[in-house]
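One structure is given here, and the rest of the page talks about it.
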Amino acid sequence: MLAALLLAPALAAATAIPAGEAAPVLARTVERGEVLSKADFVTAPVLAAIARNALSPAEAAGQEAVR
């Protein structure tokens with residue numbers, strides 16, 4: 001019982017999701033060779049390091065997925 005009380009804060013901190021910045025991410029799985037459109041994206045929180053390099057949906061529209 002005491003161990004559970006001592007470990008609870010550590011477990012909560014370990015499973016916490018870091019706050020992120022809103023950035024466009026793919027809304028579905030995209031296959032290699034598919035051409036992207038604005039409709040393929042939704043906005044979701046991501047790590048700041050990833051959000052910094054994100055293309056806008058308008059910039060990605062018309063590009064072909066390669067991976």
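The values are calculated or read from the model by the stated rules, or taken from the named source; none is laboratory data. Fair warning: this is a prediction, and the values are worked out from it, not measured in the lab. Here Cβ is always computed from backbone atoms with ideal geometry, including for glycine, and neighbour counts include all displayed protein chains. Ligands, DNA and RNA are stripped out before the accessible areas are found, and what is left, the full protein with its side chains, is counted by its heavy atoms. Shrake-Rupley method; radii C 1.70, N 1.55, O 1.52, S 1.80 Å.
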Per-region count, the stretch 36-55, residues exposed (fewer than 12 other Cβ atoms within 10 Å of the Cβ) and farther than 17 Å from GLY20 by Cβ: 1
Which listed residue, of VAL25, VAL30, is in a loop (DSSP other than H, G, I, E, B), modelled with pLDDT under 95 and either on the phi < 0 side of the Ramachandran plot or open to solvent by 50 Å² or more (accessible area, probe 1.4 Å) (or both): VAL30
Residues located in the stretch 21-46, provided they are among the β-branched types (Val, Ile, Thr) and over 17 Å from the mean Cα position of the chain (by Cα): VAL35
Residue selected from the stretch 56-67 under the condition under 20 Å from GLU21 (Cβ atoms) and not in a loop (DSSP other than H, G, I, E, B), by the criterion nearest to the chain's Cα centre (by Cα): PRO57
Pick from the stretch 11-22, criterion surrounded by fewer than 10 Cβ atoms within 10 Å (Cβ to Cβ) and in a loop (DSSP other than H, G, I, E, B), ranking: modelled with the highest pLDDT: ALA19
